[in-house]
Ligand code: PXP
C-alpha cells in the first residue's frame, strides 16, 4: 500500500504568522526522502491553507506525484487543467467546515461529474472521487470515467475502538471489493492515525492511503521524518 501525505496543516501553521515557516517545500522534500508515493494538498475555494503559488511550486519541485484535492467547480477545473498534477481528488466543499466532512454525492449529480471528469482524464490526470462507502455512490462513480475512488474512512476512524467499529470497517471492505469489481482502483483516507490504520491492510488491493492530520500532529513531537517513516512502516505489507 502506498502512502500519500496531506501537507495542508503545514500551510495552516505557516499562514498563522503570514511568513514562510514552516516551509512547505522542505516538508514535501522530507516526505519524499522517506519514500512517500505522493504529496496531497487541498486547494480550497477560500485558500485557507494551501495557496495557488504553493501548488505551482510543488508541481515543479516534486519528484513523486502531486495529488490535488479540489471541489467540483469551474475555477478548480481550470486550475487543474493548467497545472496538470498527476492526480486530482474531487471532494465536496463547504465554507464553514473544519475539514472535508463527508463524501461527494456523485449519484445525485452524475451528469455534472461525467462532464467534470472527462477533460481531466483526457489531460492524463488520474481522477479520484472521494466518496462514502455506499454501494449507490460507488455505482455512480463507476459511470463517471474516473479511474479511482477514495473511500472516506472518517466514520470508521470515529468508530474505532467502539462497538460500531466492525460495522464501519465492513462497510469499507465491501465497498472496496464492489468498486474493484466495477473496474475502479481504490484509495482511502480521512481520520486515519497510528492506532486505526492497521486494519486498512485487511482490505484487499487498496492502492494508496492519504493521511494528513495524524502525521503532522506526531511530527510536532518526533519530527516529520520519523512521523512519516513510522506511518509508512505501519502500512507496508
Ligand atoms: N483524503 C481527503 C479526500 C481529505 O479531504 C483529507 C483531509 O484533507 C484526507 C484524505 C486526510 O485526512 P486526515 O487529515 O484526517 O488524515
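What follows is calculated from the coordinates using simple rules that are stated; it is not laboratory data. It should be emphasised that the depicted structure is a prediction, and the values quoted were computed from it without experimental measurement. With ideal geometry, Cβ positions are generated from the backbone for all residues, glycine too; neighbour counts draw on all protein chains shown.
Over the chain, dividing the summed -39,500 (n - 2.57) contributions of all DSSP H runs of at least 4 residues by the number of residues returns a 222 nm mean residue ellipticity of -13500 deg cm²/dmol. When only alpha carbons are used to place a centre, region 6-37 and region 130-166 end up 28 Å from one another.
Can you sort 198, 49, 213 by how many other beta carbons sit within 10 Å, fewest first?
198, 213, 49
Across the chain, the mean sequence separation of Cα contacts (distance under 8 Å, 6 or more residues apart), normalised by length, yields a relative contact order of 20 percent. Note on region 55-176: Kirkwood radius taken over Cα pairs, Stokes-Einstein applied at 37 °C and 0.692 mPa s, translational D equal to 216 µm² s⁻¹. Projecting label points 7 angstrom from Cα along Cα→Cβ for residue 122 and residue 59 puts them 1.8 nm apart.
Exposure proxy ranking for 156, 194, based on other Cβ atoms within 10 angstrom of each Cβ and starting from the fewest, stands as 194, 156. Take the Cα of residue 220, go 7 Å toward its beta carbon, and the backbone nitrogen atoms of region 12-35 under 12 Å from that spot belong to 13.
With a ≥ b ≥ c taken as the square roots of the eigenvalues of the C-alpha gyration tensor of the chain, please select rounded if a/c is under 1.5 and otherwise prolate if a/b is larger than b/c or oblate if it is not? Note, shape of the chain comes out oblate.
Going from the fewest other Cβ atoms within 10 Å to the most, the residues 104, 234, 110 appear in the order 110, 234, 104. Under conditions of 10 °C and 1.306 mPa s, region 107-237 yields 102 µm² s⁻¹ as its translational diffusion coefficient, taking Rh as the Kirkwood radius over Cα pairs in the Stokes-Einstein equation.
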